[in-house]
1. Would you mind putting 143-156, 83-96 in packing order, based on average other-beta-carbon counts within 10 Å, highest first?
2. Indicate the gyration tensor shape class of the chain (rounded, prolate or oblate), computed on the Cα atoms with a ≥ b ≥ c the square roots of the eigenvalues: a/c under 1.5 is rounded; otherwise a/b larger than b/c is prolate and the rest oblate.
3. If each residue of separation counts as 0.36 nm, what is the full-extension length gain between Thr112 and Ile97 once their alpha-carbon separation is subtracted?
4. With angles folded into 0 to 90 degrees, how steeply does helix 177-194 sit against the dominant principal axis of the chain? Use alpha carbons for both and round to 10.
5. For the chain, with every protein chain kept in place, what is the accessible area per residue (1.4 Å probe, Å²)?
6. Between Gln36 and Glu234, what is the label-point separation in nm under the 7 Å Cα-to-beta-carbon projection?
7. Computing the accessible area with a 1.4 Å probe over protein heavy atoms, can you report the carbon and sulfur percentage for the chain?
8. Quick one: which of 116-129, 44-57, 65-78 comes out on top by average Cβ neighbours within 10 Å, and what's the full order, highest first?
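The values are calculated or read from the model by the stated rules, or taken from the named source; none is laboratory data. Keep in mind that this is a model prediction, so the values were computed, not measured. All Cβ positions, glycine included, derive from the backbone under ideal geometry; neighbour counts span all protein chains shown. To get the accessible areas, we keep the full protein, side chains included, count just its heavy atoms, and leave off ligands, DNA and RNA. Shrake-Rupley method; radii C 1.70, N 1.55, O 1.52, S 1.80 Å.
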Amino acid sequence: IGHCYEGEINLTTAKKFLSKVKKDNYYKMIKGASIQKWYITEKMSQGVNEYLDPAYLKGKKTTSKAFHHRFKRIVLQGITGIDEKYRIKMALLNKNIFCGNSANYILFENKTFDNASYTAFYNSELINWYFKCYSTNSNVNGYEVDNFPTPNNIPQIFSILFHYLYFLSNIKSIKNTSFSFFNEINNSIAYETIFPEEFKSAGKEIIKHLSDLKPITDEMSDEEKLAIIQSEFERLYNPNHPVRFALETIDSIEEVRIIKEALR
């Protein structure tokens, strides 16, 4: 249903087209170090930001990888620490931004696929565990990402959770209980998406209880977004709500228990 590519800009061979100073008409370019789980940061832990001269595109076919910047993409780090607990770190990249080859990106063949939903699904601990089962070095290779178990259709609730977690990731002062709670919901519905019958037979279904989760939109102010997230957190975190009950007892599903124990 899609493919994971290495970033289209080779930082060595394309060096003459790169500038550490943003000039008129130059494109923004991200590197792997900019990509965090849920968001992209301007402050990298290593390296410097660079910009791409539009002359790089001269003579290149519009059907080539060089023009993938025309699409919104899911991006991920191309190299991670082999001992890191969570090695799959994905975020969304807007159009007209290039990727250096220390970053990888995913493009779906069906352009109607919701990138936000799949970003949330791939950021789950289930996919992180799956990747760690097969990875033997620090590289996050495209073929390994291509092998991720990826449903053709996933619940739209993933998109709402992505926007919650993206927003909360950028407000450090409140990245606490509410972030952890919605992150755990995201993890749990990823399990349910892959093991639906096991969740149903155990009476631990979560997705059906989230159909009324309120979305946040770009048009809202930060205060409006925060108010919605906090209200939904208080509603779902109630000890009597079936979502909280399912989260607290999800380990009773054997497949989930095995994976969670492997990640500890």
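1. Details: 143-156: 14.4, 83-96: 16.4.
Peptide ranking by packing, descending: 83-96, 143-156.
2. Prolate shape, in that a/c is at least 1.5 and a/b is the bigger ratio.
3. Taking 0.36 nm per residue and subtracting the Cα distance, the gain is 3.4 nm.
4. 90 degrees
5. Per-residue accessible area for the chain comes out at 51 Å².
6. Using points 7 Å along Cα→Cβ, the separation is 2.8 nm.
7. 48 percent
8. The packing order, highest mean first, is 116-129, 65-78, 44-57.
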